[in-house]
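One structure is given here, and the rest of the page talks about it.
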Ligand SMILES: [Zn+2]
Ligand SMILES: [Zn+2]
């Protein structure tokens with residue numbers, strides 16, 4: 001296990017101290033509910049705007065999925081790429097970057113590395129860093145209670161993807177950004193990504209880069225059929241990888257609040273879901289995470305494999321990651337079931 005240190009607030013810069021305060025101030029306040037149904041958050045009502053800017057790309061990407069079953073597009077190496085692409089873009093970008101670093105400040109690292117992780121997250125097409133972190137901090141503060149943006153206590157579909165498709169004023173006003181992600185909105189890069197959907201431009205640029213790389217590799221690996229190789233390469237490395245990683249990430253909001261076991265008595269219905277823990281390289285140990293959100297290590301038992309944490313621990317060994325926050329054992333012991 002890597003060094004388990006809590007960053008010193010006293011020595012941190014003013015901005016970092018505020019960030020720590022935000023990251024620490026996201027525990028739920030209410031008592032645990034017993035699986036009872038609750039309505040959609042109050043920030044959503046019958047007059048809420050439908051977010052076509054989310055519905056259209058998500059629908060289009062899903063409409064392309066059946067191509068995987070057509071011999072022209074099917075590829076074994078494409079299939080094998082999915083867990084690799086998932087690790088690079090989603091485990092490091094979303095799991096380590098958006099989640100464990102930007103939301104919870106579970107470790108320190110140089111800015112260039114933080115921006116690298118955040119950019120990998122952007123290339124997962126799961127919203128801008130500021131918006132993702134905002135939603136997730138609200139989720140921790142109100143998990144499975146009003147106004148949790150995506151609790152399965154509304155419905156399984158709502159928690160998995162429905163919540164994204166309708167405007168929720170709890171998550172979209174300037175005051176929400178100021179309250180929950182002031183630290184990120186002070187950062188020029190995150191502000192730039194946020195402005196005018198620039199983050200979508202970054203995703204599109206990375207998709208074009210993959211297209212160009214596929215075209216180049218086609219002349220090496222399939223000079224007799226450049227078009228087919230390029231199409232396959234783009235389909236599996238961008239389209240299929242994006243859809244695959246959407247669902248395994250979304251499943252943390254849905255499945256990992258419905259199915260699995262609990263190590264700790266927490267005030268929401270989070271679960272440790274081994275299937276999605278494996279598929280996300282550690283994010284699925286979600287009850288452990290809700291019990292100790294600051295810890296960058298989500299797998300607490302020896303068999304709860306957390307590849308994202310192991311990667312961060314390796315990066316700490318080579319000096320890129322510092323102050324990796326581990327489980328707060330004494331606090332966790334009080335919550336243990
Ligand atoms: Zn949760
Ligand atoms: Zn979290």
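A few notes on this one:
- Test for residue 271: is it under 30 Å from residue 149 (Cβ atoms) and surrounded by fewer than 19 Cβ atoms within 10 Å (Cβ to Cβ): no
- Among the candidates 166, 181, residue that is at pLDDT 95 or above, in contact with a strand residue (DSSP E or B) (Cβ under 9 Å, 6 or more places away or on another chain) and over 19 Å from residue 255 (Cβ atoms): 166
- Out of 298, 289, sole residue that is assigned to a helix (DSSP H, G or I), within 12 Å of ligand 2 (Cβ to nearest atom) and crowded, with 20+ Cβ neighbours inside 10 Å: 289
- Selection count, segment 243-259, where residues are surrounded by fewer than 23 Cβ atoms within 10 Å (Cβ to Cβ) and more than 16 Å from ligand 2 (Cβ to nearest atom): 6
- Filter result for the condition that a residue is within 11 Å of the chain's Cα centre (by Cα) and either more than 24 Å from residue 37 (Cα to Cα) or at pLDDT 95 or above (or both), over 85, 93: 93
- Lone unmet requirement of (1) touching a residue at least 40 places away in the same chain (Cβ under 8 Å); (2) part of a helix (DSSP H, G or I); (3) farther than 17 Å from residue 247 by Cβ for residue 97: (1)
- Counting only residues that are more than 14 Å from the chain's Cα centre (by Cα) and within 12 Å of ligand 2 (Cβ to nearest atom), segment 267-286 holds 2 of them.
- For residue 244: the one exception among (1) assigned to a helix (DSSP H, G or I); (2) farther than 21 Å from residue 65 by Cβ; (3) within 19 Å of the chain's Cα centre (by Cα); (4) touching a residue at least 40 places away in the same chain (Cβ under 8 Å): (2)
- Number of the condition not met by residue 135 [criteria: (1) away from ligand 1 (no atom under 16 Å from the Cβ); (2) free of Cβ contacts under 8 Å to residues at least 40 places away in the same chain]: (1)
The values are calculated or read from the model by the stated rules, or taken from the named source; none is laboratory data. These numbers come from a predicted model, not from an experiment. Note that each Cβ is placed from the backbone with ideal geometry, even for glycine, and that neighbours are counted across all protein chains shown.
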